[in-house]
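Following: one structure in structure tokens, then a few remarks.
The values are calculated or read from the model by the stated rules, or taken from the named source; none is laboratory data. Note that the structure is a prediction, hence the values are computed from the model and not measured. Reconstructed Cβ throughout: ideal geometry from the backbone, glycine too, with neighbour counts over all protein chains shown.
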């Protein structure tokens, strides 16, 4: 269990992020077409998991926009933005914001992804959602880098994420 905060108020996750060197847990999330998307669908590419509580918040939107821009010219990295939002809302958000370099995925069917990655909030006002985190997975499915954002209202350390890819 790890403690994060929301504007200074503590909340707990169900566990801890995988560590660099660990095999990234396989997952099944829901894409915009309501089809199942797995981590293994992106084998042979680096995968950036931008895990957010909901795209419909300023901080989550900012991270999606930042990663959308940062990886616009990177064909070797796929960016998955993962939240509890419905796929329809995620798609509408991405299309209205011009986010075409990220793939939104939903935890609408279950929370196993958040459980397996140790980011499921188990108490507090956001219980049942995911804490804000970034996980970078290499082409072989091994975790390269992780970042759990201490306060959910804060953005990730983008420069650290980009440095991990250098």
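Please tell me if residue 10 is in contact with a strand residue (DSSP E or B) (Cβ under 7 Å, 6 or more places away or on another chain), part of a strand (DSSP E or B) and touching a residue at least 60 places away in the same chain (Cβ under 8 Å). Against the criterion (in contact with a strand residue (DSSP E or B) (Cβ under 7 Å, 6 or more places away or on another chain), part of a strand (DSSP E or B) and touching a residue at least 60 places away in the same chain (Cβ under 8 Å)), residue 10 qualifies. Where strands (runs of 3 or more DSSP E) sit wholly within the range 20-131, those with at least 1 residues that are touching a residue at least 12 places away in the same chain (Cβ under 8 Å), in contact with a strand residue (DSSP E or B) (Cβ under 9 Å, 6 or more places away or on another chain) and under 18 Å from residue 147 (Cα atoms) occupy 46-51, 77-83. Among the residues of the range 43-52, the ones that are at pLDDT 95 or above and over 9 Å from residue 137 (Cα atoms) come to 3 in all. Hey, does the range 145-154 have a residue that's crowded, with 20+ Cβ neighbours inside 10 Å, under 17 Å from residue 26 (Cβ atoms) and touching a strand residue (DSSP E or B) at 6+ places or on another chain (Cβ under 9 Å)? Looking through the range 145-154, at least one residue is crowded, with 20+ Cβ neighbours inside 10 Å, under 17 Å from residue 26 (Cβ atoms) and touching a strand residue (DSSP E or B) at 6+ places or on another chain (Cβ under 9 Å).
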